[in-house]
Amino acid sequence: MVLEIHEVEAKTIISSTKVPSADFVINPYTGCQFACSYCFASFMGRFVGESISNWGNYVYVKTNAVDLFEKEVHRLLKKKPHPRLSISTVTDPYQGVERKYRLTRGVLEALVRHKYRGRVSILTKSPAVMDDVSLLQELENAEVGLSIATTDDVLSRKLDMMAPLASARLDVLRRLNEAGIRTYVFVGPLLPHMHLRPYLIDQLFSEIKGAGTSEIKVEFLNMPRHVRARLNGYLMDEPVEIQEVYSKSQNADYRKILEDQIRTSLDAHGLKLRFDEIVHHAEAQSLVED
Ligand code: SF4
């Protein structure tokens with residue numbers, strides 16, 4: 001499938017948010033070429049007339065994102081002293097198109113010019129974040145999250161489709177830590193495979209700690225209808241035991257067992273759980289509903 005790239009002009013670029021870790025979010029792209037099977041953000045297609053099934057095949061590039069950001073951050077700083085910003089929440093800010101358009105870099109450059117003091121948090125799966133290490137070092141309060149759900153590259157390739165392999169992300173984590181950048185790992189979603197094979201949790205946490213990161217954010221698998229539609233495509237070719245554990249994954253009993261496994265492993269590896277909770281979205285639905 002050839003990636004479709006659409007250049008568009010956005011009306012605004014800084015949006016307020018209810019996510020607990022930020023006051024405002026910036027998403028320079030709509031769509032994500034990493035095409036993860038479990039991607040919650042795939043609903044974003046509805047804002048640009050794309051179907052859920054086409055997620056991963058298109059990116060809408062907000063070509064005026066940096067100009068807009070420059071204007072909007074100026075206004076924002078007049079109202080609020082350096083609020084917490086998150087880049088990006090519904091796309092990957094360092095997917096392949098970033099190397100051509102450099103919108104994420106443009107936003108960081110603007111923040112450096114403004115001597116931004118508030119928390120600037122970036123979440124990515126891409127080694128391309130290393131291109132901007134010097135900008136991140138200049139910011140007073142920047143952090144980078146690497147999204148890593150498993151260290152099993154075979155599983156990662158099946159579920160994360162076009163994203164850089166987990167092993168490459170762990171290497172980025174190590175290099176960011178060596179560069180003095182504050183880091184965390186987003187273990188999301190918690191793959192139901194871990195329920196069947198708890199050693200996968202220990203492997204992942206051991207690698208995270210070994211890369212020099214001590215804080216993780218963890219989220220249960222979120223399965224509203226649009227995520228189920230994509231996951232069903234992946235599950236069709238999986239063994240029955242995997243299909244069954246995905247079906248169970250929205251139950252409270254399942255979450256309790258997995259949470260106990262996670263907390264035991266966190267203690268064993270000396271990792272801190274962000275917010276001291278495993279995030280669960282109540283709107284998640286079971287694969288077997290409907
Ligand atoms: S990298 Fe993030 S935004 Fe992109 S497809 Fe994967 S989960 Fe979705």
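For Val172, all conditions in the list (1) outside the structural domain of Ser21 (by TED's automatic domain parsing); (2) open to solvent by 10 Å² or more (accessible area, probe 1.4 Å) hold save one; what is the number of the exception?
The single condition Val172 does not satisfy is (2).
Among the residues of the range 148-191 satisfying the criterion of being hydrophobic (A, V, I, L, M, F, W, C), more than 16 Å from Cys39 (Cβ to Cβ) and in a loop (DSSP other than H, G, I, E, B), which is farthest from the ligand (Cβ to nearest atom)?
Ala179
Any residue in the range 7-35 that is under 19 Å from Arg274 (Cβ atoms) and open to solvent by less than 20 Å² (accessible area, probe 1.4 Å) sitting within a Cβ distance under 6 Å of a residue that is of a type in the set (Ser, Thr, Tyr) and within 15 Å of the ligand (Cβ to nearest atom)? List the pairs, counting only those 6 or more apart or interchain.
The qualifying pairs are Ala22/Ser86; Val25/Ser86; Val25/Thr89.
Inspect all residues belonging to the range 119-140 and state whether any of them is open to solvent by 10 Å² or more (accessible area, probe 1.4 Å), within 16 Å of the ligand (Cβ to nearest atom), in a helix (DSSP H, G or I) and in the same structural domain as Tyr94 (by TED's automatic domain parsing).
Yes; the residues of the range 119-140 include at least one that is open to solvent by 10 Å² or more (accessible area, probe 1.4 Å), within 16 Å of the ligand (Cβ to nearest atom), in a helix (DSSP H, G or I) and in the same structural domain as Tyr94 (by TED's automatic domain parsing).
Restricting to the range 193-204, what's the tally of residues that are crowded, with 22+ Cβ neighbours inside 10 Å and in contact with a Leu (Cβ under 7 Å, 6 or more places away or on another chain)?
Count: 1.
Which one of these is of a type in the set (Ser, Thr, Tyr) and either in contact with a strand residue (DSSP E or B) (Cβ under 8 Å, 6 or more places away or on another chain) or within 16 Å of Ala211 (Cβ to Cβ) (or both): Ser134, Ser121?
Just a single option satisfies the conditions, and that option is Ser121.
For the range 48-117, please list each of the helices (runs of 4 or more DSSP H) lying entirely inside it that holds at least 3 residues being surrounded by fewer than 22 Cβ atoms within 10 Å (Cβ to Cβ), at negative phi and not basic (Lys, Arg).
65-79, 103-113
Please indicate, with yes or no, whether at least one residue in the range 140-151 is aliphatic (A, V, I, L, M), farther than 27 Å from Glu259 by Cα and touching a helix residue (DSSP H, G or I) at 6+ places or on another chain (Cβ under 9 Å).
yes
Residue-wise test of (1) open to solvent by 10 Å² or more (accessible area, probe 1.4 Å); (2) of a type outside the set (Phe, Trp, Tyr); (3) within 16 Å of Leu159 (Cα to Cα); (4) not in a strand (DSSP E or B).
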| position | (1), (2), (3), (4) |
| --- | --- |
| Glu207 | yes, yes, no, yes |
| Thr213 | no, yes, no, yes |
| Met223 | no, yes, yes, yes |
| His226 | yes, yes, yes, yes |
| Ala229 | yes, yes, yes, yes |
| Gly233 | yes, yes, yes, yes |
| Glu238 | yes, yes, yes, yes |
| Ser247 | yes, yes, no, yes |
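Which residues, taken from the range 270-290, are surrounded by 11 or more Cβ atoms within 10 Å (Cβ to Cβ), assigned to a loop (DSSP other than H, G, I, E, B) and modelled with pLDDT of 95 or more?
If the condition is that a residue be surrounded by 11 or more Cβ atoms within 10 Å (Cβ to Cβ), assigned to a loop (DSSP other than H, G, I, E, B) and modelled with pLDDT of 95 or more, then Leu271 is the only one that fits.
Restricting to the range 1-21, name every residue that is at pLDDT 95 or above and aliphatic (A, V, I, L, M).
Once the filter is applied, which keeps residues that are at pLDDT 95 or above and aliphatic (A, V, I, L, M), the range 1-21 yields Leu3, Ile5, Val8, Ala10, Ile13, Ile14.
The values are calculated or read from the model by the stated rules, or taken from the named source; none is laboratory data. Quick caveat: nothing in here was measured; it's all calculated off a predicted structure. Reconstructed Cβ throughout: ideal geometry from the backbone, glycine too, with neighbour counts over all protein chains shown. The area values use the complete protein model at the heavy-atom level, side chains included, leaving out ligands, DNA and RNA. Shrake-Rupley method; radii C 1.70, N 1.55, O 1.52, S 1.80 Å.
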